[in-house]
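**Student:** Starting off with a structure, shown below.
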């Protein structure tokens, strides 16, 4: 087990977060399941290719203060999940996520997905719209890249074979390569030798990309975060999202690269809180706190009791810079 995964697991378990595995037809999928202390909707966190649930640890710990439950999932062959039982292509990856969420979600949740996790979140919303209260998509994948050269360049970025490739990947991944970047170069090279990662990249076909009009039926609030300095996902993908998702709110920031949860963690957390507010208003819930600790309500701002019997959400200050930094995409 990698050091980061082992340390993260130990810290979260000490804080009362459950670490367990769920059997799916694809693999034994690891989840962090955090019981919440607040009244807001549950939150699901989905990572991108080659990453894991570990970078979500600071957000998981803080979101549970205002939400009823927070669930972070390791994809098959990633983090603490077992390797897939057979070739892991995009369909099998989604099947594993779908199996976990179909089993675990007892009420509609806000589903947050980064990169490939964003594509999985969108697909799940189409599969089970009644289980998804809203979406936060950070630099989401899945949109078609029609230019063959651009598509080849995109896939080539993930072929990290040596130190030079690893440096190039980090430079494209982040708005500004963090101080620990050189320290994780060896781990990054090993990470992209992961058979699960290589399998996903090898099996991607044009038919796996989303088609225009596919998500027009989605009615839940959708918020897309896009870094102005994102050099991983082509900008045509943002244009596709804006045209095909009718409920979308798009946000671009100069501070963000491809990984806003690492490059701009405060903005990332604020977007989740704002989306929780949107989801609560849509369902008639109230007594929510925004990302800066301000109490809001579907009634008057001074009303401190929720007619639905929910406890007022606790005010949570913005994340500190130090606690938000995690050394993985």
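**Student:** Output the residues belonging to segment 177-207 that are touching a helix residue (DSSP H, G or I) at 6+ places or on another chain (Cβ under 6 Å) and at pLDDT below 85.
**Tutor:** 177, 181
**Student:** Shifting gears a bit: Just checking, how many residues over segment 234-262 are in contact with a helix residue (DSSP H, G or I) (Cβ under 9 Å, 6 or more places away or on another chain) and either at pLDDT below 75 or surrounded by 22 or more Cβ atoms within 10 Å (Cβ to Cβ) (or both)?
**Tutor:** The total comes to 17.
**Student:** Can you go through 71, 45, 101, 105 and tell me which one is modelled with pLDDT of 95 or more, in contact with a helix residue (DSSP H, G or I) (Cβ under 7 Å, 6 or more places away or on another chain) and more than 28 Å from residue 195 (Cα to Cα)?
**Tutor:** 105
**Student:** If residue 6 satisfies every condition in (1) in contact with a helix residue (DSSP H, G or I) (Cβ under 6 Å, 6 or more places away or on another chain); (2) part of a helix (DSSP H, G or I); (3) surrounded by fewer than 18 Cβ atoms within 10 Å (Cβ to Cβ) but one, which is the exception?
**Tutor:** The one condition residue 6 does not meet is (1).
**Student:** Looking at 82, 61, 19, 52, can you tell me which residue is at pLDDT 95 or above and either within 24 Å of residue 139 (Cβ to Cβ) or assigned to a strand (DSSP E or B) (or both)?
**Tutor:** Exactly one residue qualifies, and that residue is 19.
**Student:** On to the next question. For the list (1) modelled with pLDDT of 95 or more; (2) in contact with a strand residue (DSSP E or B) (Cβ under 9 Å, 6 or more places away or on another chain); (3) surrounded by fewer than 22 Cβ atoms within 10 Å (Cβ to Cβ), I need the number of the one condition that residue 37 fails.
**Tutor:** Answer for residue 37: the failing condition is (1).
**Student:** Take the residues in segment 219-229 that are assigned to a loop (DSSP other than H, G, I, E, B) and at pLDDT below 80, then tell me which one is surrounded by the fewest Cβ atoms within 10 Å (Cβ to Cβ).
**Tutor:** 228
**Student:** Checking residue 150 against (1) surrounded by fewer than 15 Cβ atoms within 10 Å (Cβ to Cβ); (2) at pLDDT 90 or above: exactly one of these is not met. Which one?
**Tutor:** So the condition that residue 150 fails would be (2).
**Student:** Limited to segment 164-216, what total is found for residues that are free of Cβ contacts under 8 Å to residues at least 60 places away in the same chain, within 22 Å of the chain's Cα centre (by Cα) and not in a loop (DSSP other than H, G, I, E, B)?
**Tutor:** Adding up the residues that qualify gives 5.
The values are calculated or read from the model by the stated rules, or taken from the named source; none is laboratory data. Keep in mind the model is a prediction, meaning the values are calculated, not measured. Cβ: placed from backbone, ideal geometry, glycine included. Neighbour counts: every protein chain shown.
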